[in-house]
Every structure is written in structure tokens, then in C-alpha cells.
Amino acid sequence: MKKSIYKKFLTKNKDQVFSYSLYLLHCLEDAEDITQEVFIKLWENWHSINPQKRESWAMRVTHNACIDLIRERNKIKQTTYDAQTIGFKEVFDNHDMYSNPGEKYYLSEQQKVIVSSMAKLPEKQQNILILHYFYDKKIREISEMLDIKESTIKVILHRARKSMKTLLSEYFYEKKGGQYEFAV
């Protein structure tokens, strides 16, 4: 029984854990290792984790494992890949939002603008935006994952949105009704 439920959980969440690891680490091999570690820890602790909180638990363990690896890297002065290219690209690539090639090109231009703008934000704001908008995590879930109060998550999210609006204002213009149009 545990095996089949675990397998379903793994199938449903492996891409999310991997792409979030890749986003944080910017290294394919490290992201694969972290993903494997997370699911091994999940297997070992399966019965002690509240079934409704397993996804949050897995993402929190992913986040913490990545932060630990980053700290370890900084201690030994190991070089990393460019954050602007690998991490964000992988997040966009994991979301199938294209219906035709013309739309794909148009969206890819928008994505480049969004990626370069997000890279200018502080890391904590980037992480929360990614979790909220790309992984559809609710504020409560992000709070549990990152061990930060919900009110603090709301403040960081508000500041990130405000910063993104400012950063993107030169690329988008507002039409009537509050809709935005890509100006590039």
C-alpha cells in the first residue's frame, strides 16, 4: 500500500522538486542529487509525515537541502552557473503554455523580459514569486515550506509584485480595464 501511494506521490511531484532545485542550484547534477535525496528522506519518514502536508514537507526539505549545498559551495569557493539562464529557463520550460509557434515566439520574448527582471529582485522575493506563480503554492504552503510567517510572505510577495511592476513598466503598457500589453 505504502509503495503505490508513494509512487503516485513521486510521479506527481518529482518534476516540481527537480525544477525548484535546479532553479536554486543552477546545476543539473546537483538538482538531480537533491531530488533523489528528498525522495529518499520522504520514503524513510513517510509514516511520520501528515498526508495533507507531504507536498509542503517535500518542498521544504528541497529548499533546505539546496540552501545547505549552496552554503557548502560558498565555503569551498566552487563556481556556479549563471542564475539568469538555467534556473528561470527550466521553470518556464516546465509550463506548457504554447498553443502555436507564433504564440511560442511571442511568449518567449515576454519570458526573456520577465526572467531578466526577476533576476534583479532579491533572492527571497524571487523564491516566493516562483513558488506562488509557477508552482501555484498558496501563501500558507509557502509559509510552511520556508518556515516564515504568513504575514511576512504576504509582505515579501507584495514588495516583489511592486518591484516587478516597476521593472516591467518599460516593456508593458496598461490598456483600459487594467489589462497589460507587451510593448516590445
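The values are calculated or read from the model by the stated rules, or taken from the named source; none is laboratory data. These numbers were taken from a predicted model, which means no experiment stands behind them. Glycine gets a Cβ as well: all are built from the backbone with ideal geometry, and neighbour counts include every protein chain shown.
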**Study point:** Lone unmet requirement of (1) modelled with pLDDT under 75; (2) out of contact with any Ser or Thr (no Cβ under 8 Å at 6 or more places or on another chain); (3) part of a helix (DSSP H, G or I) for Thr79
**Key:** (3)
Review point. Name the pairs: first residue in region 56-72 and touching a residue at least 12 places away in the same chain (Cβ under 8 Å) and at positive phi, second residue polar (S, T, N, Q) and surrounded by fewer than 18 Cβ atoms within 10 Å (Cβ to Cβ), Cβ to Cβ under 7 Å, at least 6 apart or on different chains?
Key: none
Check your understanding: Counting just the residues of region 35-74 that are under 22 Å from Ile128 (Cβ atoms) and small (Gly, Ala, Ser), which one comes out modelled with the lowest pLDDT?
Key -> Ser56
**Study point:** In region 13-43, residue surrounded by the fewest Cβ atoms within 10 Å (Cβ to Cβ) [restricted to those that are among the acidic types (Asp, Glu) and farther than 20 Å from Glu144 by Cβ]
**Key:** Glu29
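Quick grid of which residues meet (1) more than 12 Å from the chain's Cα centre (by Cα); (2) in the same structural domain as Ile67 (by TED's automatic domain parsing); (3) modelled with pLDDT under 90; (4) surrounded by fewer than 17 Cβ atoms within 10 Å (Cβ to Cβ):
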residue	(1), (2), (3), (4)
Ile128	no, no, no, no
Lys137	no, no, yes, no
Ile142	no, no, no, no
Ile153	yes, no, no, no
His158	yes, no, no, yes
Lys162	yes, no, no, yes
Ser169	yes, no, yes, yes
Lys175	yes, no, yes, yes
